[in-house]
1. Take the residues in region 87-104 that are touching a helix residue (DSSP H, G or I) at 6+ places or on another chain (Cβ under 8 Å) and surrounded by fewer than 17 Cβ atoms within 10 Å (Cβ to Cβ); name whichever of them is modelled with the lowest pLDDT.
2. Taking strands (runs of 3 or more DSSP E) that do not extend beyond region 76-184, which have at least 2 residues that are among the β-branched types (V, I, T)?
3. Contact list please: Cβ distance under 6 Å, first residue in region 151-169 and in contact (Cβ under 8 Å) with a residue 40 or more places away in the chain, second residue part of a helix (DSSP H, G or I) and surrounded by 22 or more Cβ atoms within 10 Å (Cβ to Cβ), pairs at least six apart or on different chains.
4. Checking N107 against (1) within 20 Å of Q18 (Cβ to Cβ); (2) of a type in the set (S, T, N, Q); (3) open to solvent by 50 Å² or more (accessible area, probe 1.4 Å): exactly one of these is not met. Which one?
5. Could you tell me whether G33 is farther than 22 Å from M98 by Cβ, assigned to a loop (DSSP other than H, G, I, E, B) and touching a residue at least 40 places away in the same chain (Cβ under 8 Å)?
6. If you take the residues in region 53-75 that are part of a helix (DSSP H, G or I) and open to solvent by 40 Å² or more (accessible area, probe 1.4 Å), which one is farthest from C34 (Cα to Cα)?
7. Any residue in region 114-127 that is of a type in the set (A, V, I, L, M, F, W, C) and over 30 Å from N190 (Cα atoms)?
8. For region 13-28: of the residues being over 17 Å from the mean Cα position of the chain (by Cα) and in a loop (DSSP other than H, G, I, E, B), which is nearest to Q182 (Cα to Cα)?
Amino acid sequence: MKLVFATHNPNKLKEVQQLFPEEIELLSLDDIGCFDEIPETGETLEENAKIKADYVTQMYGLNCFSDDTGLLIDALDGAPGVFSARYAGEQKNASDNMAKVLTELQNKTLRDAHFKTVIHLNLERHDYVFEGIVEGVITQKQHGSRGFGYDPIFRPKGYDGTFGELPPETKNAISHRGRAIQKLVSFLKNSTL
């Protein structure tokens, strides 16, 4: 079975491929010749995930899933949330985004946050939604160079290291994206393989 993951992000693709069974061939947007920057105009993670998956299905006629992820920080009233990728500007620079968050949290003792991933799957003219959440805290500074995005400043509850410090297999087992992908893979195994 072939399934398109609506992403241009090679880090995200690699992370997700590790969680998929061999029977499913995962294709990126680049693999299908889609080099468009699909506009994420939704006001929620759910809307953005649906927009991206629907774009691929409508333009290419392929089964597709898309995710949208947000970092939601309690002390910032849920920001950056749906704007996580471009929090510090349209350049979508992870270092700039982390710097902005750390600046905004200076002198704040409440640093609770959670990551949320929503996956929208278009499969054989039906759509399905899967969600994953991981609770944690924002650290005072960056730790570790693994992962991507906000990983070096997010420490999941119950762990001593940030996502930027944890081994990939540990992160994949407990992360927001990992949890959502596990639900997606379980669904695909039970329904199509």
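The values are calculated or read from the model by the stated rules, or taken from the named source; none is laboratory data. The model shown is predicted, which means the values in this text are computed figures rather than measured ones. For neighbour counting, all protein chains shown are included, and Cβ atoms are generated from backbone atoms with ideal geometry for every residue, glycine included. To get the accessible areas, we keep the full protein, side chains included, count just its heavy atoms, and leave off ligands, DNA and RNA. Shrake-Rupley method; radii C 1.70, N 1.55, O 1.52, S 1.80 Å.
1. The extreme case among them is K92.
2. Answer list for region 76-184: 112-123, 126-138.
3. Final answer for the pair search is I153/M98.
4. (1)
5. Spelling it out, it is not the case that G33 is farther than 22 Å from M98 by Cβ, assigned to a loop (DSSP other than H, G, I, E, B) and touching a residue at least 40 places away in the same chain (Cβ under 8 Å).
6. So the first thing to find is which residues in region 53-75 are part of a helix (DSSP H, G or I), and the list is 53-60, 74-75.
Narrowing the set further to residues that are open to solvent by 40 Å² or more (accessible area, probe 1.4 Å) leaves 55, 57-60, 74.
Working: Y55: 10, T57: 12, Q58: 12, M59: 9, Y60: 9, D74: 36 Å.
It comes out as D74.
7. Taking region 114-127 and keeping what is of a type in the set (A, V, I, L, M, F, W, C), we get 115, 118-119, 121, 123.
Subsequent filtering for residues that are over 30 Å from N190 (Cα atoms) retains none.
No, there is no match, as no residue in region 114-127 is of a type in the set (A, V, I, L, M, F, W, C) and over 30 Å from N190 (Cα atoms).
8. Across region 13-28, the extreme among qualifying residues is P21.
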